[in-house]
1. Taking +1 at the Cβ of each Lys and Arg and -1 at the Cβ of each Asp and Glu, which of 174, 198, 356 sits farthest along the dipole of the chain towards its positive end, judged by Cα position relative to the Cα centre?
2. Tell me the label-point distance for the pair residue 344, residue 212, using the 7 Å Cα-to-Cβ offset, in nm and rounded to one decimal.
3. With all protein chains present, how much of the accessible area of the chain (probe radius 1.4 Å) comes from carbon and sulfur, to the nearest whole percent?
4. Using all Cα-Cα distances in the chain, what percent lands in each 20 angstrom bin from 0 up to the longest?
5. Please work out the average accessible area per residue across the chain, using the 1.4 Å probe convention, and give it in Å².
6. Please report the antiparallel percentage of DSSP beta bridges with both residues in the chain, rounded to the nearest 5.
7. In debye, nearest 20, what is the charge dipole magnitude of the chain about its Cα centre with +1 on Lys and Arg Cβ and -1 on Asp and Glu Cβ, if you could check?
8. Take the residue pairs 139/164; 46/214; 120/296 and return only those whose Cα atoms are more than 25 Å apart.
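The values are calculated or read from the model by the stated rules, or taken from the named source; none is laboratory data. Since we're looking at a predicted model, the values are computed, not measured. Cβ placement follows ideal geometry from the backbone for every residue including glycine, while neighbour counts extend to all protein chains displayed. Side chains are part of the model used for accessible areas, which takes the heavy atoms of the whole protein and leaves out ligands, DNA and RNA. Shrake-Rupley method; radii C 1.70, N 1.55, O 1.52, S 1.80 Å.
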Amino acid sequence: MIPIAKPFLNKEEAESAYETVMSGWVAQGPRVEEFENKFCEYTGAKYSAAVSNCTNGLHLAMIASGIGIGDEVICPSLSYIATANSIKYTGAVPVFAEVSPIDFNLDPAHVKSLINSKTKAILLVHQIGMPADIDEFKKICRDYNLKLIEDAACAIGSEYNGVKIGGDSELACFSFHPRKVMTTGEGGMITTTNKNLIDRIKLLRQHAISITGKERHSSETLTFEDHIEVGYNYRMTDIQASIGICQLDKIEYIIKERRKIAARYISELGEIESIKLPIEPKGRISNYQSFAIYIKKDSGFSRNEVMQKLMIKEISVRKGVMTSHREKAYSDHKPVIALPVSEDLCDNSFMIPLFVPMDDNDIKHIISSLKNIFVKK
Ligand SMILES: Cc1ncc(COP(=O)(O)O)c(C=O)c1O
């Protein structure tokens, strides 16, 4: 079976984690700081904070933005449920907006129509690595005095007008889950252009302790900590960070290879009239965290039928990005907003394997299997 995804992990990551274990310092410490610095260098971000995962990163980003009970935050329903949940954790209400069928990202016109006096922020997702139209949303946020938080869980290394995602963001949160382009097992990173925000996030991620472990360990005088507000334990470990540092050394290569495979899928599957393939809008570069195929209504095939046929050919497939509003957890959710485009994209698209390194014969097998399905019809 060709897997849907596979992390690009080698001996270097294992050796790096081994060294950290043997150093005796395994919790958040010098390796986390090194990883953060390296992440800033790669993305161009001014400040960064590593966290235990992207969901927790989004939660901290919400709190640092002052989001709380009674507020509304506009976000897509067409996203992994963690997007909406991170808003719920604060007591605020996720307001689900429609997405564009071109890039699977928030539709600015629909977002604008949902803004009211309770709206405090937009949570903009760069879905499966395809950058959303950031400038458009920055403008909306300026015009309506809203915060812009970017859910960049899938978008490390993707670019918008020559800038890496998170490189010039008020707040962007990344995921290092193994299904993502680079991994630390579990893990996340927040980037920001704002020093006050990063200071608050770094405080909240470790129980709001007034002095850091590093300060205490390097102090020559007796120092006692205070806990200055109710914080969280959202720390990344040094073991995870030591893996992340190695992954960042390889990220350019990983993305280059992913883009080569995506380009091959696009050029070779482009002749199939019954499907729609990803399109990069002008100025936007995707890391192709996933490769989604949409099946047109007149294809004569249901999405599940196509997925089943590929599975028989030993090709792993996954259904399209989920809609949060149709999950049981949100069955009583209000406001109820019609989201026909999101539901259509969710129900009629699916993902095919894309990872590095991918065997050439596997790529050929996936392409020919898809061609056979539609040609044989
Ligand atoms: C869009 C989006 N947001 C948030 C998350 C949550 O990331 P994590 O698993 O690191 O908490 C994911 C993970 O799949 C995601 O795809």
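1. The one lying farthest along the dipole's positive direction is 356.
2. Distance between label points: 5.0 nm.
3. On the way: 8770 of 16850 Å².
So the carbon and sulfur contribution to the accessible surface is 52 percent.
4. Final binned percentages: 28, 56, 15, 1.
5. Working: 16850 Å² over 377 residues.
So the chain comes to 45 Å² accessible per residue, rounded to a whole number.
6. Numbers: 25 of 41 bridges.
So the antiparallel bridges amount to about 60 percent of the total.
7. Working: 46 positive and 48 negative charges, 185 e Å.
With only Lys, Arg, Asp and Glu charged at Cβ, the dipole is about 880 debye.
8. Numbers: 139/164 19 Å; 46/214 22 Å; 120/296 37 Å.
The pairs that break the limit, which is 25 Å between Cα atoms, are 120/296.
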